[in-house]
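Below is one structure; the comments refer to it alone.
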Amino acid sequence: MADFTTDDFLGGKVRLKQFLNGYRATSDAVLLASCVDAKAGQRVLDVGAGTGAVALCVAARCAEAVVSGIELQPEMAALAAENVRLNAMEDRVSVVCADVRSFPSPYPTGRFDWVVTNPPFILEDQASPYKVRDVAHRENGCSLKEWITSCLRYAGPKGRFAMINRADRLPEILSLLYGRLGGIRIVPVWTKEGRPAKRVLILGQKGSRSPAVLEGGVVLTLADGTRSPKAESIMRFGESLFDKGTR
């Protein structure tokens, strides 16, 4: 049996080779990428790049942006580099194997127009039997405070930051961003219609004094089990999270 699968994202615009067992990209990666509206020549950094799902989806959506990634695990970083080649995006996408907290930094700090991240968010002590997935998913050795602080040092003076995390960690995340970002947009993500939101997207901008806004959010699956029109437009067609309303 093959140790990998090759999966389509954004209706086939992105192809991603992934471990059969272990860490696998989910809808979280596509949702995070859908927040980014990078213009021609702007630089985007994906922190915790994994196998490159977010970086490649951003590059597919923002055709003239330059996308970089930082990934701690050598196995994941190598697979991300392979996925960059698979999608023929070597001219605009690169991934380095490094700790986001490391000095000297693998990329210049304070220079990115966008910094995006889908950090490890599982707090439970129970480790996964798959080491790569465990490191990718479980917050272990790097607190959320360290992670966010490290991310923000890469953003430029007017740089934007976007992350996806568990909805129950929203108060902690907002406290960590207080005084660092303005114009914060909070976007709930409902996995299924009628149930509490399990994920939340948080965006903000350095140097902004705009007030925080609670957006309408997005439902991924309707009560009848079908994908919502909004989710379909994001997942299949690569539309922006903020296009054509919510839900």
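Restricting the first member to region 46-68 and to residues that are of a type in the set (S, T, N, Q), and the second to residues that are assigned to a loop (DSSP other than H, G, I, E, B) and surrounded by fewer than 24 Cβ atoms within 10 Å (Cβ to Cβ), the beta-carbon pairs closer than 7 Å and six or more apart or on different chains are Thr51/Ala25; Ser68/Tyr107. On the stretch given as region 135-169, residues that are among the hydrophobic types (A, V, I, L, M, F, W, C), in contact with a strand residue (DSSP E or B) (Cβ under 7 Å, 6 or more places away or on another chain) and farther than 19 Å from Lys206 by Cα total 1.
Listed by first and then second residue, the pairs with beta-carbon distance under 7 Å, at least 6 apart or on different chains, first residue in region 224-247 and among the small types (Gly, Ala, Ser), second assigned to a loop (DSSP other than H, G, I, E, B) and modelled with pLDDT under 95, are Ser228/Arg247; Ser233/Lys244. Right, Gly204: surrounded by 13 or more Cβ atoms within 10 Å (Cβ to Cβ) and in contact (Cβ under 8 Å) with a residue 12 or more places away in the chain or not? It is true that Gly204 is surrounded by 13 or more Cβ atoms within 10 Å (Cβ to Cβ) and in contact (Cβ under 8 Å) with a residue 12 or more places away in the chain.
Taking the numbered list (1) closer than 22 Å to Gly22 by Cα; (2) without any contact (Cβ under 8 Å) to a residue 24 or more places away in the chain in turn, Ser102 passes all entries but (1).
When you scan region 217-240, how many residues do you find that are part of a loop (DSSP other than H, G, I, E, B) and farther than 16 Å from Ile164 by Cα? Walk me through it before giving the result.
Of the residues in region 217-240, the ones part of a loop (DSSP other than H, G, I, E, B) are 217, 222-226, 228, 236-240.
Those left that are additionally farther than 16 Å from Ile164 by Cα: 222-226, 228, 236-239.
The number of residues fulfilling the criteria is 10.
Picking from residues in region 75-124 that are outside any helix (DSSP H, G or I), within 18 Å of the chain's Cα centre (by Cα) and of a type in the set (Gly, Ala, Ser), the one that is farthest from Ala59 (Cα to Cα) is Ala98. Spot the failing condition for Thr51; the list is (1) of a type in the set (Ser, Thr, Tyr); (2) surrounded by fewer than 24 Cβ atoms within 10 Å (Cβ to Cβ); (3) assigned to a loop (DSSP other than H, G, I, E, B), and only one is missed. The number of the failed condition is (2). Flag set for Ala59, criterion: part of a helix (DSSP H, G or I), in contact with a strand residue (DSSP E or B) (Cβ under 6 Å, 6 or more places away or on another chain) and hydrophobic (A, V, I, L, M, F, W, C). Just one of the listed residues (Leu177, Leu152, Leu181) is of a type outside the set (S, T, N, Q) and within 15 Å of the chain's Cα centre (by Cα), and it is Leu152. Within region 18-30, residues that are under 13 Å from Leu79 (Cβ atoms) have Cβ atoms under 6 Å from residues that are of a type in the set (Ser, Thr, Tyr) and assigned to a loop (DSSP other than H, G, I, E, B) in these pairs: Gln18/Thr51; Gly22/Tyr130, counting only partners at least 6 apart in sequence or on another chain.
The values are calculated or read from the model by the stated rules, or taken from the named source; none is laboratory data. Just so you know, these numbers come straight off a predicted model, no measurement behind them. Backbone-built Cβ (ideal geometry, glycine too); neighbour counts: all protein chains shown.
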